[in-house]
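One structure is given below, encoded as structure tokens.
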Amino acid sequence: MIKTDRLILRPLTLDDAEAAFEWTGDERVAKYMIYSTHESVETTKEWLRTVRFTDTAFEFGFVRKSDNKLIGSGGIRLKDDGFWEFGYNFRYDCWGIGYATEASKAMIELVRSKFGDVKFKAECAAENTASAHVIEKCGLEFKRYGEYSSYDGLKIFKAKIYESR
């Protein structure tokens, strides 16, 4: 568990399905994500059954301290290329108030405290300027364009790829 000024980052559980469906079932939130919009709480439960913590992959639910409400999720994991990659998503009504930056910085600090001087990477859809701004506020810089697709292959995005300096 990690505590920031406004958030608690803690492992997700199956009991979080209803709260998580508030963003996984929202087309506005899922627009640039690698998952398609969840059609039901059952789809969210299926996803939650796959979420795991390992020595090199940390997945969190983001809980707002002020009301103890689960408002998003994200994670940071070591990739095969040696970079630690992070990502996040939040309920639509929680956009634009700094939660993504706060949670991302906390995850980055966790990895630095455990593993020292490591490299970080993040990517977002090129059209997703808000997410690009979060990544930049976390100290990463734009390196190149790439592409990513959703798990089901129905969405393909031109991506902006960022790396630590």
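The values are calculated or read from the model by the stated rules, or taken from the named source; none is laboratory data. Everything numeric here is computed off the predicted structure, so don't read it as measured data. Positions of Cβ are backbone-derived with ideal geometry, glycine not excepted, and every protein chain shown enters the neighbour counts.
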Between a residue in region 1-14 that is under 14 Å from Ile76 (Cβ atoms) and any residue that is among the hydrophobic types (A, V, I, L, M, F, W, C) and surrounded by fewer than 13 Cβ atoms within 10 Å (Cβ to Cβ), which pairs come within a Cβ distance under 9 Å, given they are 6 or more apart or on different chains?
Leu9/Met1; Pro11/Met1; Pro11/Phe53
Need pairs with beta-carbon distance below 6 Å; first residue at pLDDT below 95 and within region 18-38, second surrounded by fewer than 16 Cβ atoms within 10 Å (Cβ to Cβ) and among the acidic types (Asp, Glu); sequence gap 6+ or separate chains.
Ser36/Asp152; Thr37/Glu27
In region 90-114, what residues are within 21 Å of Lys69 (Cβ to Cβ) and β-branched (Val, Ile, Thr)?
Ile97, Thr101
Given the residues Ala122, Ala103, which is the only one that is part of a helix (DSSP H, G or I) and in contact with a strand residue (DSSP E or B) (Cβ under 9 Å, 6 or more places away or on another chain)?
Ala103
Does region 33-48 include one or more residues that are surrounded by 13 or more Cβ atoms within 10 Å (Cβ to Cβ), within 20 Å of Ala159 (Cα to Cα), out of contact with any strand residue (DSSP E or B) (no Cβ under 8 Å at 6 or more places or on another chain) and not polar (S, T, N, Q)?
yes
Considering only residues that are surrounded by 13 or more Cβ atoms within 10 Å (Cβ to Cβ) and touching an Asp or Glu at 6+ places or on another chain (Cβ under 7 Å), which ones fall in region 144-162?
Tyr148, Phe157, Ala159, Lys160, Ile161, Tyr162
Name the residue, out of Leu110, Leu12, that is among the aliphatic types (A, V, I, L, M) and either part of a loop (DSSP other than H, G, I, E, B) or at positive phi (or both).
Leu12
In region 125-165, anything out of contact with any strand residue (DSSP E or B) (no Cβ under 7 Å at 6 or more places or on another chain), more than 17 Å from Tyr32 (Cβ to Cβ) and either small (Gly, Ala, Ser) or not in a helix (DSSP H, G or I) (or both) is listed as Cys138
Mind listing whichever residues of region 66-100 are surrounded by fewer than 19 Cβ atoms within 10 Å (Cβ to Cβ), charged (D, E, K, R) and either in contact with a His (Cβ under 8 Å, 6 or more places away or on another chain) or not in a strand (DSSP E or B) (or both)?
Asp67, Lys79, Asp80, Asp81, Asp93
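Taking Glu85 as the residue in question, decide whether it is touching a Ser or Thr at 6+ places or on another chain (Cβ under 8 Å), touching a residue at least 12 places away in the same chain (Cβ under 8 Å) and of a type outside the set (Val, Ile, Thr).
Taking the combined requirement at face value, the residue does not satisfy it.
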Could you tell me which residue of region 132-160 is farthest from Glu27 (Cα to Cα), considering only residues that are among the small types (Gly, Ala, Ser) and at pLDDT 95 or above?
Gly139
Only residues in region 123-146 that are in contact (Cβ under 8 Å) with a residue 40 or more places away in the chain and within 18 Å of Gly75 (Cα to Cα) count as the first member; pair them with residues that are aliphatic (A, V, I, L, M) and crowded, with 19+ Cβ neighbours inside 10 Å, Cβ under 6 angstrom, at least 6 apart or cross-chain, and list the lot.
Cys124/Ala132; Val134/Ala100
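Could you tell me which of the residues Val29, Val63, Val51 is touching a Pro at 6+ places or on another chain (Cβ under 9 Å) and surrounded by 15 or more Cβ atoms within 10 Å (Cβ to Cβ)?
Val51
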